[in-house]
Amino acid sequence: MLTESVPSVVEMRGIGKVFHAGAMENHVLTDIHLDIRQGEFVSIAGPSGCGKTTLLSLMGLLDTPTYGELHVAGRPVQGLGRHARAAMRNTLIGFVFQTFNLLPDLTIAENVELPLTFRHGMGRRERMERAAESLSSVGMAHRMSHYPAQLSGGQQQRVAVARALAGDPAILLADEPTGNLDLPNGETVMALLSRLHASGRTICMVTHDERFGFVADRVVRLLDGRVVDESTFQQLRREAECGLDERRALETFL
């Protein structure tokens, strides 16, 4: 169990996100207070549409909060321009997406190396050494010269993890990393994330799959854009399910 003496990699204080469509406001996230500490494995869970991916996007500096304070690796994010945010994202954050996002015309090694080309002062040799080391850490060094289409889905996701790790980020953000995989490949990827966490990596993962969420040290429950405790989450979910059953019964009667 991590204590408060361990530094926070992500700090959110009163974070909210509002999307506008004409005169309509959609409050996707409301009053989020959340710390992710160095060395933690945190899972963000909740039903579809509750704001999980939006929350991860804010952590990863892919989007900006409408209000509230956000710090990443101790650095305030508010007021940063687009280029400053991109530089911060490139050095501090590693992403793993549900759809792999590998470029088909590049080899596996070139895909892993690509984000490092935006690092100032890092030459080709160092980039390739990092790519090789990162691929070795996920058991894919023997496929460096292959192309994405030559790999299975599970192998492609392992390469995506290697790409995220190559820059030695402060935190690894994974958005439904098993969402496009069958159960055996999903279990393989989760075992890989668990090993990385055991080696000291800080990981925050969004998942709707209860089987994988509990691999984490801590599960953060999100419901209707708010963080709720476990008992509240289960109560509200039961109420929602009862309401759905009643609506279905009414529709059948009508």
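The values are calculated or read from the model by the stated rules, or taken from the named source; none is laboratory data. None of these values were measured; they are calculated from a predicted model. Using ideal geometry, Cβ is built from the backbone for each residue, glycine included, and neighbour counts are taken over all protein chains shown. Accessible surface is based on the protein model in full, side chains and every heavy atom, while ligands, DNA and RNA are left aside. Shrake-Rupley method; radii C 1.70, N 1.55, O 1.52, S 1.80 Å.
Numbers for the structure displayed
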{"item": "Backbone HN-Hα couplings from phi across the stretch 82-94 [Karplus 6.51/-1.76/1.60, Hz, Gly and Pro as x]", "result": "4, 5, 5, 5, 5, 5, 5, 5, 5, 9, 10, 10, x"}
{"item": "Three principal axis lengths of the chain [C-alpha, angstrom, descending]", "result": "66, 43, 42"}
{"item": "For the stretch 125-233: Kirkwood Rh in Å [reciprocal of mean 1/r, alpha carbons]", "result": "15.1 Å"}
{"item": "Carbon plus sulfur fraction of accessible area for the stretch 17-88, probe 1.4 Å, in percent", "result": "53 percent"}
{"item": "Under Karplus coefficients 6.51, -1.76 and 1.60, residue-wise ³J(HN,Hα) of the stretch 98-111 in Hz, glycine/proline x", "result": "4, 9, 6, 6, 8, 7, x, 8, 10, 5, 4, 4, 5, 4"}
{"item": "FRET efficiency for M122 and N26, using Cβ-Cβ distance with R0 set to 35 Å, rounded to 0.05", "result": "0.30"}
{"item": "Kirkwood Rh in Å, taken over the stretch 1-132 so that all alpha-carbon pairs contribute", "result": "17.0 Å"}
{"item": "Local electrostatic count at M128 - Lys and Arg +1, Asp and Glu -1, tallied over other residues with Cβ under 12 Å", "result": "-1"}
{"item": "In Å², nearest 10: area of V215 left accessible to a 1.4 Å probe", "result": "60 Å²"}
{"item": "F100, F118, reordered so the largest accessible area comes first (probe 1.4 Å)", "result": "F118, F100"}
{"item": "Accessible area of the stretch 89-229 belonging to carbon and sulfur atoms, whole % at 1.4 Å probe", "result": "51 percent"}
{"item": "Contour excess over end-to-end distance, with Cα ends at T91 and H33 and 0.36 nm allotted per residue", "result": "18.4 nm"}
{"item": "Charge tally in the Cβ shell below 13 Å around T66, where Lys, Arg are +1 and Asp, Glu are -1, T66 excluded", "result": "-3"}
{"item": "Ranked packing of 53-65, 21-33, most packed first, by mean Cβ within 10 Å", "result": "53-65, 21-33"}
{"item": "For the chain: accessible area per residue (Å², 1.4 Å)", "result": "52 Å²"}
